[in-house]
Amino acid sequence: GYGAMTSLRSETPMVAITMDAITVTKPELWNGDVVVLWGWYGAVDKHLAKYSLLHNSQGRATVRVTAPTNAVMLKRKSTLAAVARQSLSLGDALRAEGGGVMIAHMFSNGGCFLYECWLDAQAPDAKDGPMARLDGVIFDSCPAYMHPELGARVIREHTNSGLNVFLYQVISGAWVTWTRCTTRPGQRPPELYWDLLGNDASKVAALYLFSRDDTITDTVALEQLIATRRAKGGTQIEAIQFDKSGHVQHLRTNPEAYEAAVHKFVEQAAKSVRAQAGGGLSVRRSGGVCA
């Protein structure tokens, strides 16, 4: 099954367990907190691993995974839900062991589709029941409003295959025609996705990281979504706009500001959860093998 154990490797100064597509890292001086990293479409693990190091440096364990490219492009909800559920289950086990909080840090729609599955699973009538609780979410370059041109642009920027772009345009064109003929306005997949994220009722604290120089994420639409969520109240919503950084390039272009924003948000989320728990949330230092 997805996430079956395949190998064990050690990294200094932490221990890493690598599964089919899921890697768990726990620093020697672990503070009990866990961050689940959901990669962007076509993300190379060595690039996503930089975000593990960012969190590991502050004593947080990480669980990182990137959904299969075909599941992202074709929006295969069953596969995406399985990736989300299994990565969060691993994170939840770590949270139970460490007594800290669990944050989801996602990138582009490839990561945000997994959060969409998490939201779907929280519904009372969800087929497989709710997924593990989240204490905070970080949106890097997402969500991005979906349209056929966006899909072709993503493939073009993340692969070297002109054939893939051509095939996607043909398939997406047929898909758009079919959905327009078979669904009502407001009930089409891109609209449902956007409405679900804009009407997020989870009450989970959120941080949005984006840039006007992003050619994939529509910043104007994203700012409207953030404003909608803030207007509803009841949830901590933070947003930081970076200068001159491309899609999922904010850490690379603005390392100090990015790290400061992420660390501050996670620390505030942990503080808030502890306060709600009446100070009952424990923090422990731990090292060794992550089981």
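Scanning region 205-249 for residues that are touching a residue at least 60 places away in the same chain (Cβ under 8 Å), surrounded by 17 or more Cβ atoms within 10 Å (Cβ to Cβ) and either more than 18 Å from the chain's Cα centre (by Cα) or over 15 Å from residue 142 (Cβ atoms) (or both) gives a single hit, 205. Kindly provide the set of residues from region 204-230 that are aliphatic (A, V, I, L, M) and in a helix (DSSP H, G or I), ordered by number. Those that are aliphatic (A, V, I, L, M) and in a helix (DSSP H, G or I): 220, 221, 222, 225, 226, 227. Inside region 87-128, residues that are open to solvent by 20 Å² or more (accessible area, probe 1.4 Å), of a type in the set (Gly, Ala, Ser) and either at pLDDT below 95 or touching a helix residue (DSSP H, G or I) at 6+ places or on another chain (Cβ under 6 Å) (or both) make up a count of 2. Taken over region 250-274, the residue count meeting the criterion of being in contact with a Ser or Thr (Cβ under 8 Å, 6 or more places away or on another chain) and either open to solvent by less than 60 Å² (accessible area, probe 1.4 Å) or closer than 15 Å to residue 104 by Cα (or both) is 2. Report yes if some residue within region 51-70 is among the small types (Gly, Ala, Ser), modelled with pLDDT of 95 or more and open to solvent by 10 Å² or more (accessible area, probe 1.4 Å); otherwise report no. Yes, region 51-70 contains a residue that is among the small types (Gly, Ala, Ser), modelled with pLDDT of 95 or more and open to solvent by 10 Å² or more (accessible area, probe 1.4 Å).
Counting just the residues of region 175-203 that are hydrophobic (A, V, I, L, M, F, W, C) and within 24 Å of residue 247 (Cα to Cα), which one comes out modelled with the lowest pLDDT? Ranking the candidates gives 192 first.
The values are calculated or read from the model by the stated rules, or taken from the named source; none is laboratory data. As the structure is a computational prediction, the values presented were derived from the model and not from experiment. As a convention, Cβ positions derive from the backbone with ideal geometry for all residues, glycine included, and neighbour counts pool all protein chains shown. When the accessible area is computed, the model is the full protein with side chains, heavy atoms only, and any ligands, DNA or RNA have been set aside. Shrake-Rupley method; radii C 1.70, N 1.55, O 1.52, S 1.80 Å.
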